[in-house]
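S.K.: This structure is in structure tokens; I'll ask about it shortly.
The values are calculated or read from the model by the stated rules, or taken from the named source; none is laboratory data. In this text the structure is predicted, and so the values were computed from the model without any measurement. A quick note on method: Cβ atoms are made from the backbone with ideal geometry, for glycine too, and the neighbour counts reach across all protein chains shown.
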Amino acid sequence: MLDRLRRIAAECGVELSDEELLDTLWLARRLPRNGETALARAVRYLQSSSAASDAAPPPAAAGEAMRSADASTTPNAGRTRQSGQPLHATSASGVSGSGAPYRGGWPALPVRTPGGRMLGGRELRLGRALRPLKQRLLDRRRQELDVEGTVTVLAETGLPDTVLRPVRTRWLTLALVVDDGVSMLLWQRLAAEMHALMKHAGAFRGIRVYGLDSRSSQAPALRSRPYEDRGVSLPPAIVNDPSGSTLVLVVSDGIGTAWCDGRMRTVVEAWARQGPTAIVHALPTRLWEGSGIRAHPWRVTTRRRGGSSSTWRVADRVLPPALVAFSDMPVPVLEPQPAAMQTWARVVASPAITAMLPLWMHEGRPTHAGTPSLDRPMHRRLCCGSVMQLRPRLIGWRLTLRHWHPFQCR
């Protein structure tokens, strides 16, 4: 059926992709069949107005007298409004808001009205959540004059010598990678607000913004400018920083093909091995399971400040590591909320801390180390006699690890 529809469209001179064909079928069920849509009415009106404008009479003499009187009494005589010219702006098609065709002397310009903000009123709280990242470290490559040390040396030795010291500078550089695919056009404002938030936070030495291609056959690939086709194509390895002082923050909805087939997993893991890396999910948390970026909460323990994600110690919230193990590279998945951003910032900036973070799961669920057996001494110590009697009745059931929680006898 789809091949027949695509063949009919090709005979009409319209080449449709798979996504465009699905959108066409979706619109066909929802648009009215009598053609009374806003676009159809506008086309009919433009055709009728253009035919009527050819037979329109010249302006009346009274209008000419009024314009001459206005020109003689106003200081800007050359820019006076013509009689009959509407006061409101017109559309790009030349049709005024009152319904009559506008053919005045002043050209109209398109005006962008302010829309709703994606972050709402959370900018201030998000800026406060990023305060743990505002740290300064000694930069051995740059030096500045130590005034107190110079005065001390001059007083002790009498020699006019200068003393230099390393400059204290921000310890991280931000690489903001924005997925600019078709579905991310809805979240372009979110990406712009995240860029402005990171810039105004004052926590980074510099911010570099890249566009991410996660849908084409060459994906994943980076561009020097997001949402622009004229940007220079760059390899993903350009973000790698062996010094570990670059924080990579990816903004995406996880809909691209590379997120689902594992290609983006390889790239993001390479970034996470070099330094701190996180993903800001554009979709609400209830829709994460339907995307290529699924997350599950884990207990994370860091060993040093700003270290690579490979140095983290990850464990389940309840079960011991012998039963549930985390086999992937830990990459936090964040929602643009103050609480989530604050927890992640504390984990990155603290030398040793334990916190709960949602981590990107390749399969969307934890990796079980094996089926638990009640013959183990640990289970015999935790379970009472009634539970051990219940064991033979549950042998034939297919139970997961979440059903085998230790029971407490009363």
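S.K.: Anything in the range 6-30 that is assigned to a loop (DSSP other than H, G, I, E, B) and surrounded by 10 or more Cβ atoms within 10 Å (Cβ to Cβ)? List them, or say none. Spell out how you get there, then give the answer.
M.R.: Initial filter on the range 6-30 (assigned to a loop (DSSP other than H, G, I, E, B)): 12-17.
Scanning the range 6-30 gives V14, L16.
S.K.: When the range 310-325 is examined, which residues are found to be assigned to a loop (DSSP other than H, G, I, E, B) and in contact with an Asp or Glu (Cβ under 8 Å, 6 or more places away or on another chain)?
M.R.: Residues of the range 310-325 that are assigned to a loop (DSSP other than H, G, I, E, B), as a first pass: 312, 316-323.
Across the range 310-325, the qualifying residue is only L323.
S.K.: Checking the conditions here, which among A355, A340, A345, A295 is touching a Leu at 6+ places or on another chain (Cβ under 8 Å) and either in a strand (DSSP E or B) or farther than 28 Å from L190 by Cα (or both)? Reasoning before the result, please.
M.R.: Numbers: A355 fails: touching a Leu at 6+ places or on another chain (Cβ under 8 Å); A340 fails: either in a strand (DSSP E or B) or farther than 28 Å from L190 by Cα (or both); A345 fails: either in a strand (DSSP E or B) or farther than 28 Å from L190 by Cα (or both).
Sole residue among the options that is touching a Leu at 6+ places or on another chain (Cβ under 8 Å) and either in a strand (DSSP E or B) or farther than 28 Å from L190 by Cα (or both): A295.
S.K.: Among the candidates A272, A258, A237, which residue alone is of a type in the set (A, V, I, L, M, F, W, C), farther than 20 Å from L334 by Cα and without any contact (Cβ under 8 Å) to a residue 60 or more places away in the chain?
M.R.: Working: A272 fails: farther than 20 Å from L334 by Cα; A258 fails: farther than 20 Å from L334 by Cα.
Checking each option against the conditions leaves just A237.
S.K.: Let me ask something else about it. Look at L287 and say whether it is within 15 Å of the chain's Cα centre (by Cα), assigned to a loop (DSSP other than H, G, I, E, B) and either closer than 29 Å to G121 by Cβ or modelled with pLDDT of 95 or more (or both).
M.R.: Criteria not met by L287.
S.K.: While we're here: I need the full set of residues from the range 183-208 which are among the aliphatic types (A, V, I, L, M), in contact with a Leu (Cβ under 6 Å, 6 or more places away or on another chain) and buried (at least 17 other Cβ atoms within 10 Å of the Cβ), in order please. Working first, answer last.
M.R.: So the first thing to find is which residues in the range 183-208 are among the aliphatic types (A, V, I, L, M), and the list is 184-186, 190-192, 194, 196-198, 201, 203, 207.
With the extra rule that they be in contact with a Leu (Cβ under 6 Å, 6 or more places away or on another chain), the set shrinks to 197-198, 201, 203, 207.
L197, M198, A201, A203, listed by residue number.
S.K.: Scan the range 156-163 and tell me whether some residue there is within 49 Å of the chain's Cα centre (by Cα) and farther than 30 Å from S252 by Cα.
M.R.: Going residue by residue through the range 156-163, those that are within 49 Å of the chain's Cα centre (by Cα) are 162-163.
Next, only the ones that are farther than 30 Å from S252 by Cα stay: 162-163.
Taking every residue of the range 156-163 in turn, at least one turns out to be within 49 Å of the chain's Cα centre (by Cα) and farther than 30 Å from S252 by Cα.
S.K.: Failed condition for W187, given (1) modelled with pLDDT of 90 or more; (2) closer than 28 Å to S308 by Cα, with all others met?
M.R.: The failed condition is (2).
S.K.: Here is a follow-up. Can you find a residue in the range 180-202 that is in a strand (DSSP E or B), touching a strand residue (DSSP E or B) at 6+ places or on another chain (Cβ under 6 Å), assigned by TED's automatic domain parsing to the domain that holds Q342 and of a type in the set (A, V, I, L, M)?
M.R.: Going through the range 180-202, the residues in a strand (DSSP E or B) turn out to be none.
No, there is no match, as no residue in the range 180-202 is in a strand (DSSP E or B), touching a strand residue (DSSP E or B) at 6+ places or on another chain (Cβ under 6 Å), assigned by TED's automatic domain parsing to the domain that holds Q342 and of a type in the set (A, V, I, L, M).
S.K.: Among the residues of the range 148-171 satisfying the criterion of being surrounded by 11 or more Cβ atoms within 10 Å (Cβ to Cβ) and among the charged types (D, E, K, R), which is farthest from Q135 (Cα to Cα)?
M.R.: We begin by selecting, within the range 148-171, every residue surrounded by 11 or more Cβ atoms within 10 Å (Cβ to Cβ); these are 149-154, 162-171.
Checking the rest, the ones that are also among the charged types (D, E, K, R) come to 165, 168, 170.
On the way: R165: 18, R168: 9, R170: 6 Å.
Selected residue: R165.
S.K.: Being in the same structural domain as T257 (by TED's automatic domain parsing), exposed (fewer than 15 other Cβ atoms within 10 Å of the Cβ) and outside any strand (DSSP E or B) is the requirement here; does L109 meet it?
M.R.: Working: in the same structural domain as T257 (by TED's automatic domain parsing): no; exposed (fewer than 15 other Cβ atoms within 10 Å of the Cβ): yes; outside any strand (DSSP E or B): yes.
So L109 does not fit the description; no.
S.K.: Go through the range 147-195 and give me each residue that's in contact with a helix residue (DSSP H, G or I) (Cβ under 9 Å, 6 or more places away or on another chain) and free of Cβ contacts under 8 Å to residues at least 60 places away in the same chain.
M.R.: Within the range 147-195, L159, P160, D161, T162, V163, L164, R165, R170, D180 meet the criteria.
S.K.: Still on this structure: Only one of V248, V318, V331 is in contact (Cβ under 8 Å) with a residue 60 or more places away in the chain, of a type outside the set (K, R) and farther than 30 Å from L124 by Cα. Can you tell me which?
M.R.: Numbers: V248 fails: farther than 30 Å from L124 by Cα; V331 fails: farther than 30 Å from L124 by Cα.
On inspection, the qualifying residue turns out to be V318.
S.K.: Filter the range 118-164 for residues that are in a loop (DSSP other than H, G, I, E, B) and among the β-branched types (V, I, T) and give the result.
M.R.: Restricting attention to the range 118-164, the residues satisfying the condition of being in a loop (DSSP other than H, G, I, E, B) are 118-122, 130, 134-135, 146, 158-163.
Correct list: T162, V163.
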